[in-house]
Structures are given as structure tokens and as C-alpha cells.
């Protein structure tokens, strides 16, 4: 299945590969990867009012995740941008391709890398289960709601409000406007 238009799978893969490169094995448990991606977006929202990835976020039984990125992790989508950096999951792990260039994170800004480094500093030493439990605690991630075995959207304005970001409603509207403009641009480009 092809990824949704407008989603930068190469950037999502670089985020996960960056985290995986922090391990000597260059591997990362899939649940831990999904949580780190969500927490990185949350860190960026807290610092800058904008996420790293243009993705939808949802509450799932094991905590919050970025929905499209999670679908890539689960193997639901195939894309050259993703597979340039990551191998298909095996034994509940993602691994960085041996041939992947990991000395130039060209999709990631210095500010985004600073967010990734901070998330790794806080959570890199945790197991996937420790991070899952941490994200289930309402004092840590109050926007997550138990979806009772399913999934529930986490609106960006709820995350911004929970992080106590100034002008949360305005920022959420700007993020939504950006997505709309991006989608319009891609649909015009596809029809050309």
C-alpha cells in the first residue's frame, strides 16, 4: 500500500534511524520507536509550537502514537524514502540499513535534532514497556485516553493545551492550515 500524499516517509525514517543509531546495535524495538517518535513531536510542540512530522496522532492501547508513522513501522506502507534508511521489522525491531548514510540527516533541522537528543536523553535508557507505562500516566501525557482496544484521535490543540503552550488554538489552526495548503499543492501537482 502507498503512503498518504504529503507524508514525508523519508523524514519519519530518519527520525527512527537517528534514534536507532544511538544504540550500538543500530536497532530499536518497534513499540519503543513508536513512543519515541510521538515524544519527539511532543517535545517539538512544547519548544516551538510545531511538530517534527506532519502526521496524525492517536491514542492506542499501548499509548499515544503517530498514526501514519506507526503504519510504516507495522509494514502497512511501502515507500522508497522509508526503506532508504530502515529494514523491514524483524523480531519486533527496526534496524538501520547498513548502507544508509547516517552522517547527514538532511530531512532534520538542527532544532529537530536537538528535540530528538533531548527525548533520547530522557527515554533512551527505558525499555519499551517502561516508556509505554510512562505515557499511560496522566501526569506525564494527559492527552492520551484509553481507547478501549481501538484508537482515538488526539487533536493537536489538545496536545498544545496539555503542554500549556501559549496561543494553542492559534497554533493548532496554523498547523491545520499548513496541512490543507500542503494537500492542495500535492493534489495540483499530481493532476499536472
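Worth pointing out:
- Single unsatisfied condition, residue 75 versus (1) in contact with a strand residue (DSSP E or B) (Cβ under 7 Å, 6 or more places away or on another chain); (2) surrounded by fewer than 16 Cβ atoms within 10 Å (Cβ to Cβ); (3) in a helix (DSSP H, G or I): (3)
- So residue 140, is it part of a loop (DSSP other than H, G, I, E, B) and either farther than 19 Å from residue 37 by Cβ or modelled with pLDDT of 90 or more (or both): yes
- Some residue of segment 101-115 being touching a strand residue (DSSP E or B) at 6+ places or on another chain (Cβ under 9 Å) and either under 18 Å from residue 11 (Cα atoms) or modelled with pLDDT under 95 (or both): yes
- Residues of segment 34-67 satisfying the condition of being assigned to a loop (DSSP other than H, G, I, E, B) and more than 15 Å from residue 135 (Cβ to Cβ): 49, 50, 51, 52, 53, 54, 55, 56
- Filtered residues of segment 107-129 (kept if part of a loop (DSSP other than H, G, I, E, B) and free of Cβ contacts under 8 Å to residues at least 40 places away in the same chain): 109, 125
- For segment 16-33, the criterion of a residue being under 18 Å from residue 156 (Cβ atoms) and buried (at least 22 other Cβ atoms within 10 Å of the Cβ) is satisfied by no position.
- Residue count, segment 72-81 (criterion: under 13 Å from the mean Cα position of the chain (by Cα) and in contact (Cβ under 8 Å) with a residue 60 or more places away in the chain): 1
- Boolean, residue 58 is under 26 Å from residue 162 (Cβ atoms) and either touching a strand residue (DSSP E or B) at 6+ places or on another chain (Cβ under 7 Å) or surrounded by fewer than 24 Cβ atoms within 10 Å (Cβ to Cβ) (or both): yes
- Condition check for residue 88: closer than 30 Å to residue 166 by Cα, out of contact with any strand residue (DSSP E or B) (no Cβ under 6 Å at 6 or more places or on another chain), without any contact (Cβ under 8 Å) to a residue 24 or more places away in the chain and not in a loop (DSSP other than H, G, I, E, B): no
- Hey, residue 132 touching a strand residue (DSSP E or B) at 6+ places or on another chain (Cβ under 7 Å) and either at pLDDT 95 or above or not in a loop (DSSP other than H, G, I, E, B) (or both) or not: yes
The values are calculated or read from the model by the stated rules, or taken from the named source; none is laboratory data. Here the structure is a predicted model, which means the values were calculated and not measured. Using ideal geometry, Cβ is built from the backbone for each residue, glycine included, and neighbour counts are taken over all protein chains shown.
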